[in-house]
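Worksheet: the structure to be examined is printed underneath.
The values are calculated or read from the model by the stated rules, or taken from the named source; none is laboratory data. The structure presented is a predicted model; accordingly, all values stated were derived computationally and were not measured. Here Cβ is always computed from backbone atoms with ideal geometry, including for glycine, and neighbour counts include all displayed protein chains. For the accessible areas, the whole protein counts, side chains as well, though only heavy atoms, and no ligand, DNA or RNA atoms are used. Shrake-Rupley method; radii C 1.70, N 1.55, O 1.52, S 1.80 Å.
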Amino acid sequence: GGIIDVEGELAAVPFAKIDGIIGADETTTTLTPLGNIASIKSSPTTIDGWGYGAMGQVMFGIHPMENLTFRFGGRAWYLQGTVDATYSQATISDPSDANPPDPGPPIVPNLPNYDTAPTFSNQTFIEPGNPFSLFRYGLLAEMTYAF
């Protein structure tokens with residue numbers, strides 16, 4: 001009798017651009033035999049890519065009086081595609097001793113005299129073609145009044 005209605009939409013998404021920063025607090029660390037840090041991720045990972053997918057929406061409407069409508073429903077999106085991930089990695093080498101000391105008596109060994117300082121390098125890496133899939137959904141409510 002015109003009091004209730006159902007509305008649905010379905011749409012294809014032929015191209016979607018995706019970019020942003022992920023892993024701002026993510027750290028990958030490796031250690032050396034001396035227990036020092038050998039490498040550590042020195043930047044957040046930025047992503048840049050594209051995708052495709054579909055979206056849909058279903059709404060149930062109630063018309064309690066003329067010109068007034070309340071609708072409730074849900075919406076969902078699904079995207080998949082590939083992204084390039086870019087990040088920096090810092091590498092630190094251990095100090096070294098060019099002339100190892102005499103081990104000395106077994107009770108009190110001589111400590112090494114490090115005469116070569118550790119080295120530091122920071123490199124940027126790009127990992128192309130990482131696949132991703134993204135599914136988002138949520139509930140909707142709306143009120144409309146026509147005049």
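Evaluated against (1) at pLDDT 95 or above; (2) of a type in the set (D, E, K, R); (3) open to solvent by less than 50 Å² (accessible area, probe 1.4 Å), D48 falls short on exactly one condition, (3). Evaluate segment 73-95: report whether one residue or more is at pLDDT 90 or above, open to solvent by 50 Å² or more (accessible area, probe 1.4 Å) and charged (D, E, K, R). Yes; the residues of segment 73-95 include at least one that is at pLDDT 90 or above, open to solvent by 50 Å² or more (accessible area, probe 1.4 Å) and charged (D, E, K, R). Just to be sure, is P131 open to solvent by 100 Å² or more (accessible area, probe 1.4 Å), modelled with pLDDT of 90 or more and more than 30 Å from G73 (Cβ to Cβ)? Considered against the rule, which asks whether it is open to solvent by 100 Å² or more (accessible area, probe 1.4 Å), modelled with pLDDT of 90 or more and more than 30 Å from G73 (Cβ to Cβ), P131 comes out as yes. One residue stands out among those in segment 96-124 that are open to solvent by less than 80 Å² (accessible area, probe 1.4 Å) and not in a loop (DSSP other than H, G, I, E, B): the one that is modelled with the lowest pLDDT, which is S96.
The residues of segment 51-72 that are modelled with pLDDT under 95 and charged (D, E, K, R) amount to a single one, E66.
Under the condition of being over 27 Å from N130 (Cα atoms) and charged (D, E, K, R), which residue from segment 1-45 is modelled with the highest pLDDT? Step by step, filter segment 1-45, then rank; the result is E9. Scanning segment 65-79 for residues that are in contact (Cβ under 8 Å) with a residue 40 or more places away in the chain and part of a strand (DSSP E or B) gives L68, T69, F70, R71, F72, G73, G74, R75, A76, W77, Y78, L79.
Output the residue which, of all residues in segment 51-62 that are open to solvent by less than 50 Å² (accessible area, probe 1.4 Å) and over 28 Å from the mean Cα position of the chain (by Cα), is nearest to T119 (Cα to Cα).
The first filter runs over segment 51-62 and keeps only residues open to solvent by less than 50 Å² (accessible area, probe 1.4 Å), leaving 51, 53-54, 56-57, 59, 61.
Now drop any that are not over 28 Å from the mean Cα position of the chain (by Cα), which leaves 59, 61.
Working: M59: 62, G61: 67 Å.
Within segment 51-62, the match that is nearest to T119 (Cα to Cα) is M59.
Filtering segment 29-46 to residues that are without any contact (Cβ under 8 Å) to a residue 40 or more places away in the chain and part of a strand (DSSP E or B) leaves T29, T30, L31.
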